[in-house]
Amino acid sequence: IFPCVFQAILIFCWVYVRKYQSRRESEVISTITAIFALAVALISSALLPVDIFLVSYMKNQNGTFKDWADANVSRQIEDTVLYGYYTLYSIILFCVFLWIPFVYFYYEEKEEDDGNTCSQIKTALKYTLGFITICAVLLLIGAFVPLDIPNKKNSTEWEKVKLLFEEFGSSHGLTALSFSISSLTVIGMLAAITYTAYGMSALPLNLIKGTTSAAYERLENTEDIEEVEQHLLRIKSKCRDGRPLSSRDRRTVQQLEERLRTLRRRERHLESIEKSWWAKFCEAIRPLKIVWGVLFIIVALLFTVSLFLSNLDKALHSAGFDSGFIILGTNLTNPLNMLLPVLQTVFPLDYILITTIVMYFIFTSMAGIRNMGIWFFWIRLYKIRRGKTRPQALLFLCMILLLIVLHTSYMIYSLAPQYVMYGSQKYLVQVSWNTFLKKKNLVFSDFFICSVLAFLSDQCIVTRTYLFLHKFWFFSAAYYFGNWAFIAVFLIGLIVSCCKGKKSVIEGEVDEDDSDMSDDELSVYYH
């Protein structure tokens, strides 16, 4: 089944990248990089359901371990999952700090200078060196900054240095990698707050509201063309007697001519859409889109309520800021944390739900990036448009998705902490009861769902995801505050999306800075 899933992911990534990339500016190296990075993001997102499934599969429903799941086998499975995480996360580090920056700067140099390839590679490597330096600094900080600082006041500086190298050797450098990934996860948290939170509100409401009619837009566009042409004629009539136009009139004529070119491009696009079979098909499945939109908004509200209750529980009952707001037990349950244990009774409904949640976050993130574009603070860098997206924008999109995937695991943990820790595991408890009449000890056995209360016992196996998320308390504290920001941005995006009207049927496909040659890039989608 895994080869089939891998092939399906590659096919989806190829179709997605080819759908949005510009035909005139496409490059083989940028296309391969985007497809590979997007595939790594999707494969990494599948690790969480696999991790939960494996720790649950080692135990029976009555709380006992299966015959084959002895201590050595359990440890091998845990280590395999852990090294699977570190392998994929190492690939993510390679993509974020080396491959994607190099391809980005190489393409930038190629646009500016079509000369020597060696010169372009040297310049791209020079800029990429800055990203490599940042990665090296993060690895060094994670490797040589101990989590447990010795309290001995009489310890010498040499003893402290020896402790650093001893910790680095005992962890085989995995702590350094964990620190680097956690640093990127914080950046992914900011990307999720910006794009995922908005996508969760914009995607369902856009499906419900739909788009304006192509025929109606074409009628309005024709009226705008006539109005601009009449305005141009009135201005040009001033120079019929040979008098030159004033500088103000010349600027107005130039602006009107640019506006007229844009309107005529819109006319061509609207005419193509009106005649296309794809537009007719979308109109036929309009009721299905409304149903999906209603379903998505219900799921988004369910996630938001669950996240709010989970964060509120941490605010009221956690061990505090210094512990990263880690909570021992669930005091305020949330809908999702209640639903997953119920679904555990019917295999494999709980795994289907957790996989659906992960993919929901990925696709809403894609929708948010597509609607908003790529921003650096208040500066808009790139737009994501069907058939017109520049290679640099696709590289940025894939990098953002890689970072968001890193934060997805903590988002799922916030929604269902008990399930992410133990899955569907149960543990056996034996209670001894001394009867005075028969003077015998009666032993009763009962099994319970694994929770934080069983953390110290060896009857429940914690997922590697949980241990990875709580390796550094200060990152957990940052994620806690990030969840509040996520909720706030989602509510703001929901209000904004409700107030906005219907989107244009050619939303984002025609801009004033487009050339007339770019009109041909979209014809493949309409005919």
Exercise. Report the FRET efficiency, 1/(1 + (r/R0)^6), for V73 and L428, where r is their Cβ-Cβ distance and R0 is 25 Å, rounded to 0.05.
Key: 0.85
Quiz item: For the peptides 184-193, 129-138, what is the packing order when you average, over each peptide's residues, the other Cβ atoms within 10 Å and list the highest mean first?
Solution: 184-193, 129-138
Quiz item: Rounded to the nearest 0.05, what FRET efficiency do E257 and K122 have when you use their Cβ-Cβ distance and R0 = 41 Å?
Solution: 0.40
Quiz item: Out of residues 5 or more away from W375 or on other chains, whose amide H comes under 5 Å of its own, with H placed 1.01 Å from N in the peptide plane?
Solution: L381
Quiz item: When the Kirkwood hydrodynamic radius is evaluated over all pairs of different C-alpha atoms of the stretch 216-271, what value in angstrom, to one decimal, is obtained?
Solution: 12.1 Å
Self-check item: J(HN,Hα) series, the stretch 277-287, from Karplus relation 6.51 cos²θ - 1.76 cosθ + 1.60, nearest Hz, glycine and proline x
Solution: 6, 5, 5, 5, 5, 4, 5, 5, 9, 4, x
Quiz item: What distance in nm separates the simple spin-label points at S276 and E507, each placed 7 Å from Cα in the Cβ direction?
Solution: 1.5 nm
Quiz item: Once the other residues with Cβ under 13 Å from the Cβ of N483 are scored (Lys, Arg +1; Asp, Glu -1), what is the net sum?
Solution: 0
Quiz item: What whole-number value in Å² describes the accessible area per residue of the stretch 216-271 for a 1.4 Å probe?
Solution: 71 Å²
Exercise. Classify the stretch 380-419 as rounded, prolate or oblate, taking a ≥ b ≥ c as the square roots of the eigenvalues of its Cα gyration tensor: rounded when a/c is under 1.5, otherwise prolate if a/b is larger than b/c and oblate if not.
Key: prolate
Quiz prompt | Where a label projected 7 Å from the Cα of F12 along Cα→Cβ would reach, residues of the stretch 384-407 with amide N under 16 Å | solution = 398, 401-402, 404-406
Practice problem: Pull up all non-local amide H partners of K426: gap of 5 or more, or a different chain, and H-to-H distance under 5 Å with H placed in the peptide plane. | Solution: G63, C450
Quiz item: How many percent of the accessible area of the stretch 216-271 is carbon or sulfur, using a 1.4 Å probe?
Solution: 45 percent
Practice problem: Just order 339-346, 17-24, 360-367 by mean Cβ neighbour count inside 10 Å, highest at the front, would you? | Solution: 360-367, 17-24, 339-346
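The values are calculated or read from the model by the stated rules, or taken from the named source; none is laboratory data. On a predicted model such as this, the values are computed, not experimentally measured, just so you know. Every residue, glycine as well, gets a Cβ built from its backbone with ideal geometry; the counts of neighbours run over all protein chains shown. Ligands, DNA and RNA are excluded from the accessible area calculation, which covers all protein heavy atoms including side chains. Shrake-Rupley method; radii C 1.70, N 1.55, O 1.52, S 1.80 Å.
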